[in-house]
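Structure, as structure tokens:
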There are 2 protein chains.
Amino acid sequence: MVFAGQGDPRRSLSLLWRADAPPTRGGPGPRPRLSVDAIVAAAVALADEEGMGALSMRAVGDRLGRTAMALYTYVPGKSELLDLMYDAVHAELPRREPDPDDWRGALTAWAGEVLEFYVRHPWVLQVSQARPVLGPHEYAGLDTLVTLLRATGLPAGAVRRLVGTLFPFVRGSAQAVADARLAAAATGSSDEEWWAARSAALLELVPDFAERFPAVSGLEAEGPVEPYPGNAPEGAEAVPYPEREARETFRVGLGVLLDGIEAARADRP
Amino acid sequence: MVFAGQGDPRRSLSLLWRADAPPTRGGPGPRPRLSVDAIVAAAVALADEEGMGALSMRAVGDRLGRTAMALYTYVPGKSELLDLMYDAVHAELPRREPDPDDWRGALTAWAGEVLEFYVRHPWVLQVSQARPVLGPHEYAGLDTLVTLLRATGLPAGAVRRLVGTLFPFVRGSAQAVADARLAAAATGSSDEEWWAARSAALLELVPDFAERFPAVSGLEAEGPVEPYPGNAPEGAEAVPYPEREARETFRVGLGVLLDGIEAARADRP
DNA sequence: TGCGACTCCTTACGGCGTAAAGTAACGTCC
DNA sequence: GGACGTTACTTTACGCCGTAAGGAGTCGCA
């Protein structure tokens, strides 16, 4: 896990909200050939392409034809750069108008789009949530979710808690999808081959697995996936099995959450 | 985020399941003065006390009065050590008998205990879930959850998805609680002081905040927390505000999830 | 008594983030 | 127009990290 929001809060916030002095055209000294935005864009591209592990100040500098130290003119350090990257990609979060007649559909669509966002930028999931970043784009995304939840008619306190439930849920689901993809890519065998190898080794090393973990074994033995009651599966056949499974878990979990919200509305209509 | 499960799967698994040759009393060479268990225990203690950031091979070696390289006799590398640490602490996960008459109470108690487990070992939340570790203790914990969910009477497919929903939910909630504690500890001001400073800076840098994010602002303006309908708050007054808020979000979110499960049972009784 | 296996140490390499100091480009003022 | 101060960027260096390579010392067994 990578940490953000570690530096001087004042400096971080003014960078995030672009509250610095305007570019000051015509000061002394050589003309700047970089900018905060260019650095953030390069860093995001690097993280998207090669993952968080490849993100180093030297690597970002290389991408811009500069040394690592050149970045420090624009950005106080790696932690603040991470803050800026984090908030920059959150500009892709959906903005969406509430629909009091179909809050459920709106929330479902919202969750799906947020899931895709995380899958597009899986490194975002590795940014620790300890100490929130509090950038403008994350707030904008938050504002949208709050708006959609307000359309359920629930009181402010409940909405606050649901925000705290829904966002982590989508993050967790996206993590599962991203992990499934990563596992598929790592082994080359894009299907359940990785699992097969792993469970073969397990079976060999732990012959009494079924006895020790009867519930888990029973679950696995109970054959292919039975659709969750009350929901119809959406057709997506080309997606490899583990990712399909993760997406189905997301769909079902979201359904359960929305059912729970519905129940709360019924309690206090 | 820190990665586990990266090394040779065979080697990792046989370490995890302790499938290695027995201690071979009386082989040649000097008597080993360390053991896998001692190393794992030292590493867990280090991570518990000083966080994942302080976990280095040299630091673990220091704790044992040995050099970093001495560890490599027992453990192939840091990644495998992380696997072992991860599974070792999961021995603390609750084991619990199912109660078909009160599956809801059982799941609530289970979730609460798991939350406390994560709060006790917050570094576990930083271990990436990509590529599962598949150790015996994690399986045991999983087995318990599956057992409890089976008591709802739902079909295997649904149970599978609920496992994938509940575990990440508890993890996310624990993350929030741990973050709240971390924020409190970092500033010394154990209360909302950190938030106050942060939001004061925000207000100064972004004077038009309320206009740009009306929904979020409205939510914050709507005064203190209103209890979620249908649930009574449990009395815990000494806990500082952010953590109390995180715990309340956990309680409410869990309630929503269980309501959703109840709805699914009603669909197919 | 030596051999071979084994634990543990020292040393070293290439990576990281970044502090410190040097170099060169530029706007401004005499 | 030349000196000066400011600024962008580079070079070098420090102390961390994980771990490869090789050497030192310890023990069981032939």
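The values are calculated or read from the model by the stated rules, or taken from the named source; none is laboratory data. As the structure is a prediction and not an experimental result, all values here were calculated from the model. In this analysis, Cβ positions are derived from the backbone assuming ideal geometry, glycine residues included, and neighbour counts consider all displayed protein chains. Side chains included, ligands, DNA and RNA excluded: accessible areas come from the protein's heavy atoms. Shrake-Rupley method; radii C 1.70, N 1.55, O 1.52, S 1.80 Å.
Restricting attention to the range B:137-150, does a residue exist that is surrounded by 18 or more Cβ atoms within 10 Å (Cβ to Cβ), at pLDDT 95 or above and not in a helix (DSSP H, G or I)?
no
Taking the criterion of being more than 16 Å from DNA strand C (Cβ to nearest atom) and not assigned by TED's automatic domain parsing to the domain that holds residue B:173, would at least one residue in the range B:51-71 satisfy it?
Checked the range B:51-71: at least one residue is more than 16 Å from DNA strand C (Cβ to nearest atom) and not assigned by TED's automatic domain parsing to the domain that holds residue B:173.
Name the pairs whose Cβ atoms lie under 9 Å apart, with the first residue in the range A:241-256 and without any contact (Cβ under 8 Å) to a residue 40 or more places away in the chain and more than 8 Å from every other protein chain (Cβ to nearest Cβ), the second assigned to a helix (DSSP H, G or I) and among the aliphatic types (A, V, I, L, M), and 6 or more positions between them or separate chains?
From the range A:241-256, the pairs are A:244/A:180.
Look at residue A:115 and say whether it is under 10 Å from the mean Cα position of the chain (by Cα) and either open to solvent by less than 30 Å² (accessible area, probe 1.4 Å) or at positive phi (or both).
So residue A:115 fits the description; yes.
Evaluate the range A:32-39: report whether one residue or more is more than 9 Å from DNA strand C (Cβ to nearest atom) and within 14 Å of chain B (Cβ to nearest Cβ).
no
Looking at the range A:147-156, can you tell me whether even one residue there is more than 7 Å from chain B (Cβ to nearest Cβ) and not hydrophobic (A, V, I, L, M, F, W, C)?
yes
For residue A:111, state whether it is out of contact with any Phe, Trp or Tyr (no Cβ under 9 Å at 6 or more places or on another chain) and either more than 14 Å from DNA strand C (Cβ to nearest atom) or outside any helix (DSSP H, G or I) (or both).
So residue A:111 does not fit the description; no.
For residue B:30, only one of the following conditions fails: (1) more than 9 Å from DNA strand D (Cβ to nearest atom); (2) at pLDDT below 95. What is its number?
So the condition that residue B:30 fails would be (1).
Is it true that some residue in the range A:166-182 is in contact (Cβ under 8 Å) with a residue 24 or more places away in the chain, touching a strand residue (DSSP E or B) at 6+ places or on another chain (Cβ under 9 Å) and farther than 19 Å from residue B:169 by Cβ?
no
For residues in the range B:76-94 being assigned to a helix (DSSP H, G or I), near DNA strand D (Cβ under 9 Å from one of its atoms) and in contact (Cβ under 8 Å) with a residue 60 or more places away in the chain, which is surrounded by the most Cβ atoms within 10 Å (Cβ to Cβ)?
For the range B:76-94, the residue satisfying everything is B:80.
Go through A:73, A:108 for me and flag whichever is within 16 Å of DNA strand D (Cβ to nearest atom) and either closer than 18 Å to residue A:135 by Cα or not hydrophobic (A, V, I, L, M, F, W, C) (or both).
That would be A:73, the only listed residue that is within 16 Å of DNA strand D (Cβ to nearest atom) and either closer than 18 Å to residue A:135 by Cα or not hydrophobic (A, V, I, L, M, F, W, C) (or both).
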